[in-house]
Amino acid sequence: MVIILPNVHEDHNVQIVIESIQSENPVLIEGFPGIGLVGNIASQQIIDKLGMTYKGSIESKYFPPIVVLYEGLVTMPVRIYESEEHNLLLVVSDIPINPSVSYDISKALVNWAKSINVKEIVSMAGITTVEESEETHVFGAATSNDMLDKIKEHIEIFRMGTISGISGSVMSECFMSEMPAISLLGSTQTQNPDPRAAAAVLDVLNSLYGLSINTHELLEQAEKIEAQMQSLAEDVKSSEQHPGYKKEFPMYG
């Protein structure tokens, strides 16, 4: 059965089209585009290594007019996956999110999460650091003291600053809706795709949730992954610049 859950706005800017979820009180992870494409890269590794099942998509008239090809098959650009074995849900996007629809997406996502009794939400993203270092750090933030206590031994607390873009919007909506949530931010010195930062975030996820997601492959195939993700970013930018199409989708944010 497919359930269509439009957001609360009358113009239905966002729809979540989803099959029935089997997990009870699952953890929901989101990996939207951002600095270094950390969330995207980490999400794809989670999907592959945990053998997650495609369950549905998030759709909006504000998304660029593209579909994504994976191993020759057409798939939606913003997808939802489930792993019953690990009691885990994941939302991944291969397209940048227009700031004008970030609020609608965040609200629809958190409302849906509450409707299926999601235990907590994990936001994965990147953060640019000016200090050059060979070591990648993971900074963390949370919507409550209890959630901060849960992660503080595994991350460097992000004590002052802002989380921008769709990840910031998700965290804001979680806070307002009293949905427990944490943000894991992999440090990077570049706006380019950064598999190393994604691997560092995955190491923290492994520690927090008892997962065993392989990160060595990300490090070994860093150059190949960087090239693939950069190619996808360029394809999206080309679609945005098509004559008559309004250019308002920043690739990073």
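The table below gives the values:
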item	result
From phi via Karplus (6.51, -1.76, 1.60), per-residue ³J(HN,Hα) for segment 184-197 in Hz, x at Gly/Pro	10, 10, x, 6, 8, 9, 9, 7, 6, x, 10, x, 5, 5
Residue pairs, from the table Lys119/Lys152; Lys55/Lys114; Lys55/Lys224; Lys55/Lys119; Lys49/Lys114, whose Cα atoms sit over 22 Å apart	Lys55/Lys224; Lys49/Lys114
Glu217-Val17 FRET efficiency (beta carbon distance; Förster radius 30 Å; 0.05 resolution)	0.45
Gyration tensor verdict on segment 19-68 (Cα atoms; rounded if a/c is under 1.5, prolate if a/b is larger than b/c, oblate otherwise)	oblate
Antiparallel DSSP beta bridges within segment 20-135, as percent of all bridges there, nearest 5	60
Extension gain (nm, one decimal) between Ile116 and Ile157, 0.36 nm per residue minus Cα-Cα	11.8 nm
Residues of segment 39-122: accessible area per residue with a 1.4 Å probe, Å²	39
C-alpha center-to-center spacing [segment 193-223, segment 88-109] in angstrom	22
Percent accessible area from carbon and sulfur atoms, segment 133-204, protein chains only, probe 1.4 Å	47
Ordering of 65-71, 38-44 by burial proxy (mean other Cβ atoms within 10 Å per residue, highest first)	38-44, 65-71
Gain upon complete extension [Glu178, Ser164; 0.36 nm per residue less C-alpha separation]	3.1 nm
Amide H contacts of Ile127 (H built 1.01 Å from N, under 5 Å, at least 5 apart or other chain)	Gly186, Ser187, Thr188
Rg/Rh (Cα only; Kirkwood hydrodynamic radius) as it applies to segment 4-160	0.96
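The values are calculated or read from the model by the stated rules, or taken from the named source; none is laboratory data. Quick caveat: nothing in here was measured; it's all calculated off a predicted structure. So basically every Cβ, Gly included, is an ideal-geometry build from the backbone, and we count neighbours across all protein chains shown. Accessible surface areas use protein heavy atoms only, side chains included; no ligands, DNA or RNA. Shrake-Rupley method; radii C 1.70, N 1.55, O 1.52, S 1.80 Å.
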